[in-house]
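The values are calculated or read from the model by the stated rules, or taken from the named source; none is laboratory data. From a predicted model like this one, the values you see are computed outputs, not experimental measurements. Every residue, glycine among them, receives a Cβ derived from its backbone with ideal geometry; neighbour counts consider all protein chains shown. Just so you know, the surface numbers come from the protein's heavy atoms only, side chains and all, with ligands and any DNA or RNA stripped out. Shrake-Rupley method; radii C 1.70, N 1.55, O 1.52, S 1.80 Å.
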Amino acid sequence: MEQCYVSTGCNRTPHSADWGSNGLICYAADNSIAIYQPEHEDIEAQVLSTLNHHKNRVNCVTWIKSYGKEFPPGFVSGSVDCNVVVWKSDGNGKYKPSSTLKSHTGSVNAVTAIQTSFGNSQSDQIYVASSSADSTVNIWKKTGDDEFVLIQTLKFGTGFILDLVATIIPNTNVTLLACGCDDHKIHLYVEQDNQVMSLSGHEDWIRAVDFTTDDDGDILLASAAQDNFIRIWRLSRKTEGVDLIKPIKELSLEEEIKIKGNTFKFNYNKVVVVFAVSLESVLHGHENWIYSIKWQPKLKTDTGYHQPMCLLSASMDKTMILWKPDPESGVWVEDVRVGEVGGNTLGLYGGMFSPDGTSIMAHGYQGAFHQWTFCQKTNSWRPVVTVGGHFDEVQDLDWDKGSGQFVISVSTDQTSRLHAPWVKDKRKTLWYEIARPQVHGYDMQCLSIINRYKFASGADEKEAQNRPEGASVPALGLSNKAVSSGQAVTKTSDIEQHPNDQYPEVYFTAVTLKEPPTEEHLLQNTLWPETQKLYGHGYEIFSLATDPTGQILASSCKAAKTDFAGVILWDISSWRQIETLQGHTLTVTQMSFSHNGCYLLTVSRDRTWCLYKKNTTESSSNSDKSFRRIAHTDKQGSVHSRIIWSCCWSHDDKFFFTASRDKKVMVWQKDEFEKEQAGTPPKPVSVLEVSDSATAIDVAPLFVKDNRYLVSVGLENGSILLYTYLHGDKKDNSCWQQVSESRGKKLLVITSTKHQLDLFI
């Protein structure tokens, strides 16, 4: 078995993604880091791997900037767990944590890393600088194989450094560090010296800084702030009026006066090096806070490297702007503006250039990526396919009934997302998010697919025959509104418009796509209309299940006492309540119909399970859809000692499985409960003990070798365990055989050569 699809959004922090010179993007995904191969020419967009080491949310990542080498040796990440981790490449496209730098007492908010040596790898010097909520910047230096030592701590009192960047001063091996601070200033530091200068001009917190060196050897520093302005600073080497041969201590008073003002100096090879700092330009074009500023990477030429004069900014106004100097006047002007239009989302947290500068990428508040690639034929920037996923906890998923051609997932990010393979001739088939059926006003908790074109979802909000053309989310709305044919947004030629017409409630536009949709299409044009709301529970919906025929929907809600712990059965054809099944005293955490639809299994927070059988002999109008309880465990005789999180049936309906926080998976034989055994408490036929709380379980829809059941178990620590189970007389673990273990905390779809399996954490 192999991993074929990973879907996860980018963390909603400003410095959580970086595009390296190796063509790969590393981005923060909850506590993990995803390695993403973006679309480029014949390369398809996909997440290659996810890396786990941090114990809390990852705030920032950056590739190690390597001078004189084509590819970076690795990358650096910072987290809410107060640690900085250096990740090292093994040369085969895999990355592993080589060093964990522990010194901060607060969340790490920004990191920068640079390789300063031009010699062989044994003499490489790597500097890592990190800023934290503890109001300090720590600077680390690599002293040996995977060993770093803290060489300096810069303290800022009660202030915060929101971004920092390092570069090598041209014609030296000296590192220059720039820190953007909440005091509206940029603080410059030079290796071998303390702070050398502060640059003033911004009127609000400085959110982003970035260095580059132009073809003349001048250093250019770009800064962006919450005042909506971008400033470009030029650092030029000064030679007039100063004897650069004298050491700093031997400079006369007259010479000291000549280099004062907007200059800084440092000692390199026992001589004075002086740089003058001037404000090159002030750029204004964004209408909201600017969170990211990046220079286009240098381009390799036959004679060396060329630095294009191009700057990329990303803002909370939902746009990115490419800035370039005017060829005639040299004045920096807006060259291209791209971004989101319409919708109800917030703006962008970051922007990045591809190594060759032909693509730009943004990540936003919704955790989504937006990529544009320059098309030579049309001389324009066009949006291209990106990966993505939920940006908060994934709560539930379900396969398409019958054919298993797609998966729908729901999350506390208040969306449901449809994932399916993109099949192309002579190209590898890859999975993508192709629709976002629901954007809700409450956190999504559960779902159940009824048929190919209908599903039920449950949220913190308790849950039309004319087929609409699409759906949209109205302003201040909490759920999708159907859009009929002819109701889509159309452009008007009227000169005078009512102010409300500028912000229409209906954003849906019918489109025909030949590739997976972009984030804009996902938000506006792939919603499914809501056709029914079901009311009956007293509290938030917690679990849903649909019988195999698509005729009955079972629902449960959060419950702290017996009165609210019932399971409601709904007739899908009329959406009327069939009955309420009693049996539990606390929240029913999961329900599962047998494959023949004759049985319903429920498990609960009260540490018990109940088995219900469909009635077939009663004369009531709902006799073919009502159920009666035929077996259950109680608190006194329950084998599980903690909450039962999950349950499922074997594909032949002979056994059902329960998974619990007590780190046990139990197998129960259905036929034993068909017999009259009054007063005899149910007993499992097998018990499997695992290493952590078992939170999810499922069984493959077919036998594997030697007529064994293939069982997947999801654990609380993010592991997925695969076992085969063979029923026999033995009650111990000898009937279980572990196949493999996978790690991750994302939506993970795994496929075998014969059938698709849904494994979910």
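Scanning region 279-297 for residues that are open to solvent by 20 Å² or more (accessible area, probe 1.4 Å) and of a type in the set (Val, Ile, Thr) returns a single hit, 282.
Can you confirm whether region 152-162 contains a residue that is over 21 Å from residue 84 (Cβ atoms), touching a Phe, Trp or Tyr at 6+ places or on another chain (Cβ under 7 Å) and in a loop (DSSP other than H, G, I, E, B)? Spell out how you get there, then give the answer.
Here is the first cut: in region 152-162, the residues over 21 Å from residue 84 (Cβ atoms) are 157-158.
Filter once more, keeping what is touching a Phe, Trp or Tyr at 6+ places or on another chain (Cβ under 7 Å): none.
Taking every residue of region 152-162 in turn, none turns out to be over 21 Å from residue 84 (Cβ atoms), touching a Phe, Trp or Tyr at 6+ places or on another chain (Cβ under 7 Å) and in a loop (DSSP other than H, G, I, E, B).
May I ask you to verify whether residue 426 is within 28 Å of the chain's Cα centre (by Cα) and modelled with pLDDT under 90? For residue 426, the condition - within 28 Å of the chain's Cα centre (by Cα) and modelled with pLDDT under 90 - is not met.
Determine, yes or no, whether residue 221 is touching a Lys or Arg at 6+ places or on another chain (Cβ under 9 Å), at pLDDT 90 or above and open to solvent by 70 Å² or more (accessible area, probe 1.4 Å).
No: the conditions fail for residue 221.
Scoring residue 87 on the criteria (1) touching a Cys at 6+ places or on another chain (Cβ under 9 Å); (2) within 16 Å of residue 21 (Cβ to Cβ); (3) surrounded by fewer than 21 Cβ atoms within 10 Å (Cβ to Cβ); (4) of a type outside the set (S, T, N, Q) leaves a single failure, condition (3). From the residues in region 541-552 that are outside any strand (DSSP E or B) and in contact with a Phe, Trp or Tyr (Cβ under 8 Å, 6 or more places away or on another chain), which one is least open to solvent (accessible area, probe 1.4 Å)? Ranking the qualifying residues of region 541-552, first place goes to 547. Do you know which residues across region 27-46 are within 15 Å of residue 370 (Cα to Cα), part of a strand (DSSP E or B) and open to solvent by less than 40 Å² (accessible area, probe 1.4 Å)? If the condition is that a residue be within 15 Å of residue 370 (Cα to Cα), part of a strand (DSSP E or B) and open to solvent by less than 40 Å² (accessible area, probe 1.4 Å), then 27, 36, 37 are the ones that fit.
Of the residues making up region 526-545, those that are in contact with a Pro (Cβ under 7 Å, 6 or more places away or on another chain) and not aliphatic (A, V, I, L, M) are 526, 528, 529. Is region 626-636 home to any residue that is farther than 25 Å from residue 577 by Cβ and modelled with pLDDT under 80? Yes - at least one qualifying residue is present in region 626-636. Within region 299-340, the set of residues being assigned to a loop (DSSP other than H, G, I, E, B) and open to solvent by less than 60 Å² (accessible area, probe 1.4 Å) comprises 307, 308, 309, 310, 316, 317, 318, 326, 330, 340.
Residues checked against (1) assigned to a loop (DSSP other than H, G, I, E, B); (2) within 17 Å of the chain's Cα centre (by Cα):
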position: 9; (1), (2): yes, yes
position: 23; (1), (2): yes, no
position: 55; (1), (2): yes, yes
position: 69; (1), (2): yes, no
position: 76; (1), (2): no, no
position: 84; (1), (2): no, no
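Of the residues that sit in region 1-26 and are farther than 20 Å from residue 434 by Cα and of a type in the set (S, T, N, Q), which one is surrounded by the fewest Cβ atoms within 10 Å (Cβ to Cβ)? Per the stated criteria, the residue is 22. Residue 565: under 37 Å from the mean Cα position of the chain (by Cα), of a type in the set (A, V, I, L, M, F, W, C) and open to solvent by 70 Å² or more (accessible area, probe 1.4 Å), yes or no? It is false that residue 565 is under 37 Å from the mean Cα position of the chain (by Cα), of a type in the set (A, V, I, L, M, F, W, C) and open to solvent by 70 Å² or more (accessible area, probe 1.4 Å). Applying the set (1) open to solvent by less than 50 Å² (accessible area, probe 1.4 Å); (2) touching a Gly at 6+ places or on another chain (Cβ under 6 Å); (3) in a loop (DSSP other than H, G, I, E, B) to residue 681 leaves exactly one unmet item: (1).
Taking the conditions (1) within 20 Å of residue 584 (Cα to Cα); (2) buried (at least 22 other Cβ atoms within 10 Å of the Cβ) in turn, residue 639 satisfies each one other than (2).
Once region 370-408 is narrowed to residues that are open to solvent by less than 10 Å² (accessible area, probe 1.4 Å) and touching a Phe, Trp or Tyr at 6+ places or on another chain (Cβ under 8 Å), the residue that is farthest from residue 30 (Cα to Cα) is 400. Residues in region 433-446: is at least one at pLDDT below 55 and open to solvent by 10 Å² or more (accessible area, probe 1.4 Å)? The answer is no, given that none of the residues of region 433-446 is at pLDDT below 55 and open to solvent by 10 Å² or more (accessible area, probe 1.4 Å).
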